[in-house]
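Novice: Could you have a look at this structure, given as structure tokens, before my questions?
The values are calculated or read from the model by the stated rules, or taken from the named source; none is laboratory data. For clarity, every value in this text was computed on a predicted model and none was experimentally measured. Every residue, glycine among them, receives a Cβ derived from its backbone with ideal geometry; neighbour counts consider all protein chains shown.
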Amino acid sequence: MHQISPRLTSSADTLLSPDLVSETRTLLWIALIGHLVTGAGGRTYGQQGMPTLVVPVNTPVWQLTTAEVLAFHRNAQGQAQFRYYAHLLRSTGNYAAPLLAQILETITPLFTGTEQRSLEIISKELAWRHTLGSLR
């Protein structure tokens, strides 16, 4: 898979090179954790779990917007969901704790009230588990 992302050039010669360059990067490993679904009424939500489709090699990918990240973390009923947590813990080895910590740091501020507090508790539990694991 390749990620195509625009970037500004660092070249001082703006006459011969454009300001925006399309750059291709190669992903070495990817974990599929779900996909977005547009339901009845046009509301988008996340279908979390192992996707049933196979993503072909060289498929372009892009980063989700903040609204898409929030939609992915809501189910069809609009409730917060984080069903891929256990899957990433099992499948990402030593990268699990830092990866999940980064995800939690990104999504926690998107929620409010009890949903936000629940994500904060998960984050603390993950940090505790990671600390105990490094002591072994």
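Novice: Can you tell me which residues in the stretch 1-51 are at pLDDT 80 or above and farther than 18 Å from Phe82 by Cα?
Specialist: Thr38, Gly39, Ala40, Gly41, Gly42, Arg43
Novice: Name the helices (runs of 4 or more DSSP H) wholly inside the stretch 19-133 in which the number of residues that are surrounded by 10 or more Cβ atoms within 10 Å (Cβ to Cβ), under 13 Å from the mean Cα position of the chain (by Cα) and touching a residue at least 24 places away in the same chain (Cβ under 8 Å) is 3 or more.
Specialist: 66-72, 96-107
Novice: So, in the stretch 64-97, how many residues would count as being in contact with a Gly (Cβ under 8 Å, 6 or more places away or on another chain) and of a type in the set (D, E, K, R)?
Specialist: Residues in the stretch 64-97 being in contact with a Gly (Cβ under 8 Å, 6 or more places away or on another chain) and of a type in the set (D, E, K, R): 2 in total.
Novice: Being within 17 Å of Glu120 (Cα to Cα) and touching a Leu at 6+ places or on another chain (Cβ under 9 Å) is true for just one of Leu100, Leu88, Leu64. Which residue is that?
Specialist: Just a single option satisfies the conditions, and that option is Leu100.
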